[in-house]
Amino acid sequence: MSSPAEKVVVIGAGMVGHRFVDELVRADRIGRFEIELIGEETYEPYNRILLSEVVAGRADLKALSLPLPDSERVRFRRGVAAVELDLGGQRLLLDDGTSTTYDRLVLATGARAFIPPIEGLERAPRHVHVLRTLDDCRNIAARAMNAKHAVVLGAGLLGLEAACGLRRRGVPVTVIDLDDHVMATQLDPAPARMLAGRLRDLGVDVITDSSIGEVISAYDEIVAVRLADGRLLAADLMVVSCGVRANVRLAADAGLAVDRGILVDADQTTARTGVHAIGDCAQSPAPMTGLLAPGWSQAERLVAVMTGSTVEIGAEAPTTPVQEPVRLKAAGVDLITMGVRASLASDDDRLVTLTDSGARRHVDLVIRDDTLVGVTCLGAPEISASLSVAFDRRTPLPVDPLTLLVPEGRAEEPTSPVRMPGATTVCRCSSVTKKDIVTAWEDGARTAGDVATVTRASTGCGGCREVLCGLVDWLNASDPEVGTGAEPAGGPATRSTPVTPRNMPVESTT
Ligand SMILES: Cc1cc2nc3c(=O)[nH]c(=O)nc-3n(C[C@H](O)[C@H](O)[C@H](O)COP(=O)(O)OP(=O)(O)OC[C@H]3O[C@@H](n4cnc5c(N)ncnc54)[C@H](O)[C@@H]3O)c2cc1C
């Protein structure tokens, strides 16, 4: 007689909870687990990262959907929040008055937007929003149809994406930040100044070294904000983008140890056996980033721990702060940053900088022992993809690193599907290499959409879409039976123009 399935309850149907469930169903071939997924949002899981693209009118809500595996072993309870956790009784109380028990519990409760204390906000005036959920996104997009002037508090990655999105919808926008330059977490002052110039070119006003002292409302609606220096700005829409805080209350109330997140070890396990935390709510020995890729690695790791399989991803999770690769997804701005920034380079590092104020371009490369360890690339999309690949490869650079900045002069094109080594990471969110893509293709995936389904490449931030499509084009072109391979009309991995010649020779992929 087979033993009964182990009941796994997952709290939180965000991007990491969803990924965990999907991974577990894929890995559990013998039906060892039955899964109950509890999500307080009333929607199917969706791609939160692309909400700013929806605000900008560049993505459709439908394209955000993250389907759950079609398995009778998965029960999804949406629109229901877990309100109390009884660790001793292995029981959860839900806000619909029911309860559920578990053998193993996974907390994937994510994070919520932080709202700083500002005079006038306590009256909760209408048209003041954060951007964290699909509902927030809908409300912002709806208000943008009538808004005459928006303010965005916070010039971090998300604040700038929201501001550019609103501007793209035709709303005049001012971004305000306490720091003396935009995207201060990722950028040095020089590229930040260039970025601010680019934003102003696009019609986004930028005020740094300042903050909002008061939100002024009339008839329950925001009408203006007063800056700390006394200036008054008319505003009938405000987006607060001042960082996030992990959702730890449920865990803390139950007696689990929390700090900035729920404390877990490198296997995502709390001090309580069988109770785990992953994603934005978890504080593992690696630094908390609030970004997706580490959360997805944690989900994979936990599945590997539960199923006894091996996992390569995140096997050596860094315990010292590293600058996660970041791409600004804003209409009209092309910016990537990764690794060491120029101001933090050591004396022995080599710095290559290109500044072109007329074209609002700025590139910083930090080279250590002939390896690219830091990239800031603003306004130069023609080289940003190849710099990302060179950064990921960590292989010795050309003798003259200047050639990395000059597309025609480059001795080799690292993003070329032919030259890219098999181990090159194509999709950072899902840690998918070129070799994984080639394997998926060899196993029968013939379109970029098929490859995305198998490998999950391009299903996160979507920054690798072009390279993925180029690889699939190249693979299909190498097989006369397949030809060029049609791509699906929608879905994660589509693009308008091919990026590589169709008749490229095939090279070894290992
Ligand atoms: C607009 C936007 C753009 C972003 N862009 C990027 C980007 O470009 N790159 C990047 O890496 N990251 C980006 N991020 C961050 C990324 O979305 C998060 O890192 C990721 O969503 C974390 O996933 P998670 O599942 O841990 O948490 P979440 O996605 O926050 O999901 C947690 C879920 O748990 C639910 N929940 C919480 N408590 C309970 C409870 N008690 N009971 C039931 N359900 C509960 C919540 O309602 C939520 O649905 C962006 C975020 C936003 C908002």
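The values are calculated or read from the model by the stated rules, or taken from the named source; none is laboratory data. The shown structure was predicted, so the numbers you read here are calculated from the model rather than taken from an experiment. We place every Cβ from the backbone using ideal geometry, glycine too, and count neighbours over all the protein chains shown.
Details
- Residues of segment 213-223 satisfying the condition of being part of a strand (DSSP E or B) and either in contact (Cβ under 8 Å) with a residue 60 or more places away in the chain or under 30 Å from Gln283 (Cα atoms) (or both): Gly213, Glu214, Val215, Ile216, Ser217, Glu221, Ile222
- Some residue of segment 61-74 being near the ligand (Cβ under 8 Å from one of its atoms), of a type outside the set (Lys, Arg), surrounded by 15 or more Cβ atoms within 10 Å (Cβ to Cβ) and under 20 Å from Asp280 (Cβ atoms): no
- Restricting attention to segment 242-294, the residues being farther than 24 Å from Gly89 by Cβ, surrounded by fewer than 21 Cβ atoms within 10 Å (Cβ to Cβ) and within 13 Å of the ligand (Cβ to nearest atom) number 10.
- Checking segment 11-24 against the condition returns no match, with no residue being more than 10 Å from the ligand (Cβ to nearest atom) and outside any helix (DSSP H, G or I).
- Annotation for segment 176-184: no member residue is outside the structural domain of Tyr43 (by TED's automatic domain parsing), farther than 16 Å from Thr208 by Cα and touching a residue at least 60 places away in the same chain (Cβ under 8 Å).
- Options Ala141, Ala163, Ala147, Ala184; residue that is touching an Asp or Glu at 6+ places or on another chain (Cβ under 7 Å) and among the aliphatic types (A, V, I, L, M): Ala147
- Scanning segment 33-46 for residues that are surrounded by fewer than 22 Cβ atoms within 10 Å (Cβ to Cβ) and more than 7 Å from the ligand (Cβ to nearest atom) yields Phe33, Glu34, Glu36, Thr42, Tyr43, Glu44.
- Only listed residue being on the phi < 0 side of the Ramachandran plot, in contact with a strand residue (DSSP E or B) (Cβ under 7 Å, 6 or more places away or on another chain), modelled with pLDDT of 95 or more and near the ligand (Cβ under 10 Å from one of its atoms), chosen from Ala147, Ala155, Ala162: Ala162
- Hits in segment 97-119 (condition: within 11 Å of the ligand (Cβ to nearest atom) and out of contact with any helix residue (DSSP H, G or I) (no Cβ under 7 Å at 6 or more places or on another chain)): Arg112, Ala113
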